[in-house]
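Down below is the structure, laid out as C-alpha cells.
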Amino acid sequence: MDIPELKERLLERLLRYAAFDTQSDPESETYPSTARQLLLLNHLIEELTLIGLDEVEIDEYGYVTATVPSTLPEGDSFSPTVGFIAHVDTSPDMSGEGVRPQVVRDYDGGTISLGDSGLVLSPDDFPELALLRGHTLVTTDGTTLLGADDKAGVAEIVTAAEYLVTHPEVPHGRIRIAFTPDEEIGRGVDHFDVERFGASVAYTMDGGAEGELEYENFNAASARIAIRGRNIHPGMAKGKMINAIQVAGELNAMLPAWERPEHTDGYEGFFHPVSIRGDVEAVSMEYIVRDHSRERFEARKAALTAAAEYLNRRYGADTVGLTLTDQYYNMRERVETSPEAVALARRAMDEVGVTPCVRPIRGGTDGARLSYMGLPCPNLFTGGANFHGRYEYCSVETMAAATRVIVRLAELWGASRPAAASSINKN
C-alpha cells in the first residue's frame, strides 16, 4: 500500500466514523451507556466482515472483537497473540451530534477558521501546529468536538487489519482487535473478558502526537459531594442560615489552588472540579482526583475527606456528604511484567521512521484497567490533539504513521528474529 492510498483510506474512515454520534453518558445505568454507540459498533461488524477478518463478533455488552489469522507456517507456535484496542465513544464534555469535519490539505502553518463559529485554530494558542506544516488536518467546525478520540485509533486499527488480511506475505502471528464503548466515562472494560479475548499483550491506540508511547498513567478517583444547607429568609438569616453555595466555596478553597489541571504538568497530580449544581438549600459537586504516585493519590483523597469532616464539625453533622470512588490505577507496575511490550513498540517506531516519545499519560485509557486485569497494555499515538472540545483536530499523516507502527508491531511479535520490513513501512 503506497502512502497516498493509505492516507486517503484513513481520512475516509475517520470522516465516516465521525458522522456517528457516539457520546457516552455517565448518568446512564445501561451498558453501553447510550444506544447510539451501538450504531457505530454494528457498522464496524459489517466492515470487519467485509474486509475478511475471522471471528467477527459483538457481544451483549457491545464489545466488538475480531481476528487477523496468523500467516506463520503451521506449527510455528512461538508467536504470542497480540491485541489492538480502541474505543468508539466520545466525551460527554462536548456534543458529538452533527459533527461537520473540515479537511485542510497541505496545511500552511497559519490560522484555521473553524467554520462560521467565529473560532480559530491558531499556532499562537496551540504552538504544536507548527510541527504539522504540510500535513492534511481534520478539524471541527467550531460547534462540536471531532471525535478523533478515539475514532482515529479505530480507523488505524481497521486499516492495518485490512492491509494484513490483503497481504498474506507479511509474516505475523494471530492478532486480536477490539472496539469498546464507554471508555470516556471510565466503564470501557467493565465487562471485557480478557481470557476470551485471548491476547498475551495488547496496545490501546488512544494517544496523541506522533511518537507517543505511554505506559504510566494517573491513579484516578471520582468525588461526589452533596451539601445540605438551611434556607432562611435573608432578612432573618443571622445565626440560622446555612448557605450550601457558600459551603461549597469553602470546600473548594480548602484545596490547594496551584494543584489544578491548569497549573500542573508531567507527573504533577491535581484536584479538578468538573461540575457544581444547586442553590442555598442544596448543592451537588463532582471532582476528579488524579496523581501518578499512589502515595500522593491516597493523600489527595485524605485531604478531601478531612475537608468534609471539618465542614461537618463547623456546620453540623451530615452537612457535607462525600463519596470517593477509585476509577483506575497507574498501569506501570503491570506493564513492566511484559518489558518486551514497550521494547517492541520502541523498535517498531524506529523502524518506520517515528521517533519514540515516552511520557506519562495525564489521564487514563482502557489499557490501564486491562493491565490490572492481566493484559499488559501500553498506549500508542493516534495523531489527534485538543481532545474533548471544539479545538480538536487530527493529522492524517500521523494517522498513517500509527498504522505503519501497528503493522510493524504485528511483524515483530510474529517473529523470533527481525522480519523483513513490509512495503507499508516505506516513506
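We did not get these values from a lab; they are worked out from the coordinates using the rules stated. This one's a predicted model, so the numbers in the text were calculated from it and none came from an experiment. Heads up, the Cβs are rebuilt from the backbone with ideal geometry, glycines too, and the neighbour counts pull from every protein chain shown.
Over all Cα atoms in the stretch 227-328, the spread is summed up by Rg and Dmax: 15.1, 50 Å.
The Kirkwood radius of the stretch 304-372, taken over pairs of alpha-carbon atoms, gives through the Stokes-Einstein law at 20 °C and 1.002 mPa s a diffusion coefficient of 136 µm² s⁻¹. Since only W258, Y328, N243 are under comparison, the one whose Cα sits farthest along the positive direction of the charge dipole of the stretch 227-328, derived from C-beta charges on Lys, Arg, Asp and Glu, is N243.
For K240, the aspartates and glutamates whose Cα falls under 19 Å of its own Cα, not counting residues fewer than eight places away in the same chain, are E250, D279, E281, D318. Label positions at F126 and E97, each projected 7 Å from the Cα along the C-beta direction, are separated by 2.4 nm.
On C-alpha positions alone, give me the angle between the axis of helix 294-315 and the longest principal axis of the chain, in degrees, nearest 10. In the chain, helix 294-315 runs at an angle near 20 degrees to the longest axis. Mean residue ellipticity, 222 nm, helices only, the chain: the sum of -39500 (n - 2.57) across DSSP H runs of n ≥ 4, divided by residue count and rounded to 500, is -9500 deg cm²/dmol. To the nearest 10 degrees, how steeply does helix 339-351 sit against the main Cα axis of the chain, on a 0 to 90 scale? Helix 339-351 sits at roughly 60 degrees to that axis.
FRET efficiency for the pair R224 and T111, taken as 1/(1 + (r/R0)^6) with r the Cβ-Cβ distance and R0 = 56 Å, rounds to 0.85. Taken along the Cα-to-beta-carbon direction at a fixed 7 Å, the label points for T337 and T166 span 3.9 nm. A dipole drawn for the chain from +1 and -1 charges on Cβ atoms has a positive end, and of V352, T319, F84 the residue lying farthest that way is T319. Annotation: the residues D149, D116, sorted from fewest to most other C-beta atoms within 10 Å of their own C-beta, follow the order D116, D149. Angle of helix 396-413 to the longest C-alpha principal axis of the chain, folded into 0 to 90 degrees and rounded to 10: 70°. In a DSSP loop and with at most 16 other Cβ atoms within 10 Å, the chymotrypsin sites (Phe, Trp or Tyr not before Pro) in the stretch 208-286 are W258, Y267. Charge tally around L344: other residues with Cβ under 11 Å, Lys/Arg +1 each, Asp/Glu -1 each, net -1. The share of C-alpha pairs in the chain whose separation exceeds 26 Å stands at 57 percent.
For the stretch 367-412 versus the stretch 21-70, the inter-centroid distance based on Cα atoms is 18 Å. Here the gap between E309 and C357, fully extended at 0.36 nm per residue and compared with their Cα-Cα distance, gives a gain of 13.0 nm.
Assuming charge only on the beta carbon of Lys and Arg (+1) and of Asp and Glu (-1), the dipole of the chain about its Cα centre is about 1260 debye to the nearest 20. Net length available on complete extension from R296 to H191 is 34.9 nm, with 0.36 nm assigned per residue and the Cα-Cα distance removed.
Considering the zone a paramagnetic label at I245 would reach in this model (a point 7 Å from Cα along the Cα-to-Cβ line), which residues of the stretch 296-329 have amide N under 20 Å from it? Under cut-off, by backbone N: 315, 319-321.
The dipole here belongs to the stretch 269-427: it is taken about the Cα centre, uses +1 on the Cβ of Lys and Arg and -1 on the Cβ of Asp and Glu, and is about 400 debye.
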